[in-house]
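Below is one structure; the comments refer to it alone.
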Amino acid sequence: MMKRLAILWVTLILTGLTAPLANAQVGERVAAVVNDDPISTFDVRQRIQLIIVTEGMRNLPQEALAQLQGRALRELIEERLKLQEAERFELTIPDEAIDAELEQLAGQAGTTVQQLTEDLATAGVNIGTLRDRIQAEQAWQQLVRGRYGPRVSITDDAVETMLDDLELSARSDQYLISEICLPVTRQEDQPEMYQAGMQMIEQLRRGVPFGALAQQYSACSSAARGGDLGWLRADELDQTTLDIVQQLSEGNVSRPIPLRGVIKIVALRQTREAATAGEPSYQVAYAGAPASLGEEVAKQRLARLPETNACNGQSLSIDMGEDVGATVLPRLPERAFEPIFRTTLAALDVGETSDVIESDGAFHRLMMCEKDEGYGLPTRRAVESRLESEELELLSRRYLRDIERESAIEIRYGGTGTIEGS
């Protein structure tokens, strides 16, 4: 029975039988109350306009605006929860920090804060709406890092696994795709859900954002991200989906695909062909000793290079001896190294150390810290930072859900209708 009601609800939404924008009541109201803190219909309208402007949406149909209303209200509720939690810990964000981020945003857009303010005003958005969003996010980031940052520890194995995955992805064709999944628990429901999928495609043709439909109706875990699956290799897709994706052009959407337990709609946003390896690059710990030390003494001292922790970016943990210098070179392309070192570097794996090389009146030894075979892979530190951010994001979502469960949130207006003026 519940599944039949779900099918009916999807059908009602897609056929436009929710309250249209033109029928909304005029005047400001309280759209929601978060722990006695009200959110007005004006706040919601402002957020809708901000989303439209910042995400480049134009000429949206009424249905799309109704979808955006739900997203805008959710954003505002979450921001109030974040700011209330910051207030509980007496955390405030100075205006200077918000100004700095506004300047950064304007710079990325090739404009000034003044021009950005004027452009938003032309679109009906007060700059204060953007400042409120920035304030909430900055406060939340500080809270999350302060609470969970010391607990996040990224292992070397995790970094190695991601680097291997990134290299494998670079060597393979990749597809940036999104999905909508409509659940089919009984075979007899499949025709109705397929028809609901066709109605969704019609909505997409009329300008409703794919992500908005995914957030509202998709049964897959990707719904929270607007259906975004990110970049996927061919070997990460089931054969049916791969066959469909390979027939789509960038920017196109598939017809509903009957799969086991679901009807799926796939959007191909972008394709990336397998990369051709370019010039290798290396990050190397280097130690050198003058020939005047003599070969035996030089080799004894250079043999201690692996013990220095040089690749970890720390100061040398041991003294390699007088007249011996050691340093870590930044990642450099192969051509930046002297020809005598290139063959040796190409043969070294990460963590391996070369034999002692005698050249130009000195003895040299190299240890491979990082190596890119020419696919433009990020550094280990960049990967570690990315993994830390992903872990913090996961903890952030849990933290916010915990706060939400303990809060009093009342939706007073806009749950199924639309707010006048959007």
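When peptides 398-409, 370-381, 266-277 are sorted by average Cβ neighbour count within 10 Å, with the highest value leading, the order is 370-381, 266-277, 398-409.
Run the accessible area of the range 107-234 with a 1.4 Å probe and give the carbon-and-sulfur part as a rounded percent. Each step should come with its number before you reach the end.
Numbers: 3030 of 6490 Å².
Carbon and sulfur together cover 47 percent of it.
Taking 0.36 nm per residue of sequence separation and subtracting the Cα-Cα distance, how much length would be gained by fully extending the chain between ILE154 and THR379, in nm to one decimal? Display every interim value, and only then the final one.
On the way: separation 225, 0.36 × 225 = 81.00 nm, distance 1.46 nm.
Taking ILE154 through THR379 to full extension adds about 79.5 nm, to one decimal.
Mean separation of Cα pairs under 8 Å and 6 or more residues apart, divided by the residue count, gives the chain a relative contact order of 23 percent. Across the range 232-244, computed HN-Hα scalar couplings (Karplus, 6.51 cos²θ - 1.76 cosθ + 1.60, θ = phi - 60°) run 10, 7, 4, 6, 9, 9, 5, 4, 5, 5, 4, 4, 5 Hz from first to last residue, x flagging Gly and Pro.
For the chain, the longest principal axis of the Cα atoms and the long axis of helix 41-54 meet at an angle of about 50 degrees.
Rounded to the nearest 5, what is the percent of antiparallel bridges among the DSSP beta bridges in the chain? Rounded to the nearest five, the antiparallel share is 100 percent. About its Cα centre, the dipole of the chain is roughly 1840 debye, where the only charges are +1 on Lys and Arg Cβ and -1 on Asp and Glu Cβ. The candidate values are (1) 26.8; (2) 20.7; (3) 18.9; the one derived from this structure for mean projected area of the Cα convex hull in nm² carries the label (1).
Of all the C-alpha pairs in the range 110-189, what % are more than 15 Å from each other? Value for the range 110-189 (Cα pairs over 15 Å): 80 percent.
How large is the accessible surface per residue of the chain, computed with a 1.4 Å probe and reported in Å² as a whole number?
Per-residue accessible area for the chain comes out at 54 Å².
The values are calculated or read from the model by the stated rules, or taken from the named source; none is laboratory data. Values in this document were obtained by computation on a predicted structure and should not be read as measured data. Cβ: placed from backbone, ideal geometry, glycine included. Neighbour counts: every protein chain shown. Just the protein is used for accessible areas: all its heavy atoms, side chains included, with ligands, DNA and RNA removed. Shrake-Rupley method; radii C 1.70, N 1.55, O 1.52, S 1.80 Å.
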